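Engineer: First, the structure itself, so that you have it in front of you.
The values are calculated or read from the model by the stated rules, or taken from the named source; none is laboratory data. What you see is a predicted model; the values in this text were computed from it and never measured. Note that each Cβ is placed from the backbone with ideal geometry, even for glycine, and that neighbours are counted across all protein chains shown. What goes into the accessible areas is simple: the full protein's heavy atoms, side chains included, and nothing from ligands, DNA or RNA. Shrake-Rupley method; radii C 1.70, N 1.55, O 1.52, S 1.80 Å.
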Amino acid sequence: MEQQLTRIAVKIGSNVLTRRDGTLDVTRMSALVDQVAELHKAGVEVILVSSGAVASGRSEIHPTKKLDSVDQRQLFSAVGQAKLINRYYELFREHGIPVGQVLTMKENFATRRHYLNQKNCMTVMLENGVIPIVNENDTISVSELMFTDNDELSGLIASMMDVQALIILSNIDGIYNGSPADPSSEVIREIEHGKDLSSYIQTSKSSFGRGGMLTKTNIARKVADEGITVIIANGKRDNILVNILRNEESRMKDEEPSSDMTAQHNSSFFIPHSSLKYTRFIPAPQPVSSVKKWIAHSEGFAKGELHINDCATQVLTSDKAVSILPIGIIDVRGEFEKDDIVRIIDFEGNPVGVGKANCSSEQAREAMGKHGKKPVVHYDYLYIE
């Protein structure tokens with residue numbers, strides 16, 4: 001098949017890998033590995049972000065006393081992660097494909113140096129034909145420092161690794177225009193930039209996952225704004241990954257005037273677009289720089305705040321490429337060093353963006369309100385929400 005998507009991230013949710021009793025669904029896992037192996041052999045680099053460690057450990061351990069949720073999570077994930085990665089290792093080995101484990105934490109994305117270290121590690125793996133299997137290190141993550149769930153982690157990984165598409169596999173077909181339980185509801189096939197979905201989204205969380213559809217939508221929006229196609233699909237459907245990729249490639253060909261339509265449908269298991277259900281977030285036409293991608297996902301690591309005046313807010317939210325100058329700053333809150341992440345707050349107290357500080361909080365306070373000073377946050381290191 002003609003290769004147009006060369007690098008993708010696939011997030012496999014806990015509800016895809018978990019049976020009703022909370023244990024690991026090895027049959028489903030094996031089917032997904034077969035699909036990833038097929039894509040890998042066709043030349044697509046795949047990064048897997050996989051949940052399932054807790055489910056994997058749940059059937060192995062039967063605690064003698066009642067544990068609180070954090071203890072339980074740490075115990076099950078410690079045992080389950082070893083079992084999960086071993087299962088992946090064995091399944092991929094049948095296809096002759098090596099895999100590597102990447103366990104990460106939210107703090108590992110907080111500094112540019114840690115961020116680039118992780119990026120380098122996964123780049124080396126991909127260059128050597130190894131499939132990275134990424135998960136949060138639940139054994140040492142405490143609740144306030146945890147990712148919302150693996151959707152948030154997959155968004156960070158997709159952004160960091162410059163993938164062309166992020167595919168989030170859940171246990172429903174996509175985002176519906178009503179309750180998924182309502183027979184009259186339909187899957188929204190495409191979501192354009194800026195479309196308000198608040199009336200559609202169900203805020204209830206899935207039984208095994210930490211995040212609901214609202215989290216998925218927010219992450220998808222942010223990643224799509226960075227020029228990456230985001231797809232939410234049902235991981236329990238047969239051959240879903242292969243069908244999505246063929247569909248996306250046929251879409252690309254359809255957009256080319258001289259496409260050869262016969263080559264698109266020569267696979268016996270290819271399901272044409274009309275009958276294949278999933279939600280696709282249309283990516284922004286202009287991809288953003290890698291450093292801006294890091295900053296876009298860094299809000300949770302902000303060390304301080306820059307409050308700006310009315311004039312600076314108007315200029316910042318216009319189409320102009322502008323930096324944050326001391327003249328427009330009316331307050332500096334928190335203590336930060338040069339290169340730390342800071343939140344940008346408008347004159348009404350609303351957060352409008354995040355950026356990398358060009359100086360310390362002390363220097364920012366000294367320069368505040370003055371003309372002719374260097375930017376406190378340069379445009380190249382600024383992300384406006």
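Engineer: All but one of (1) open to solvent by 10 Å² or more (accessible area, probe 1.4 Å); (2) in a loop (DSSP other than H, G, I, E, B); (3) out of contact with any helix residue (DSSP H, G or I) (no Cβ under 6 Å at 6 or more places or on another chain) hold for Val163, so report the exception by its number.
Structural biologist: (1)
Engineer: Does at least one position in region 64-77 carry a residue that is under 24 Å from the mean Cα position of the chain (by Cα) and charged (D, E, K, R)?
Structural biologist: yes
Engineer: Considering every residue within region 373-382, establish whether at least one is under 22 Å from His114 (Cβ atoms), assigned to a helix (DSSP H, G or I) and open to solvent by 70 Å² or more (accessible area, probe 1.4 Å).
Structural biologist: yes
Engineer: Restricting to region 307-322, name every residue that is in contact (Cβ under 8 Å) with a residue 24 or more places away in the chain and within 27 Å of the chain's Cα centre (by Cα).
Structural biologist: Hits for region 307-322 are Leu316, Thr317, Ala321.
Engineer: Quick check on my filter: what residues within region 57-95 are under 16 Å from Gly22 (Cβ atoms) and of a type in the set (Val, Ile, Thr)?
Structural biologist: The answer is Ile61, Val79.
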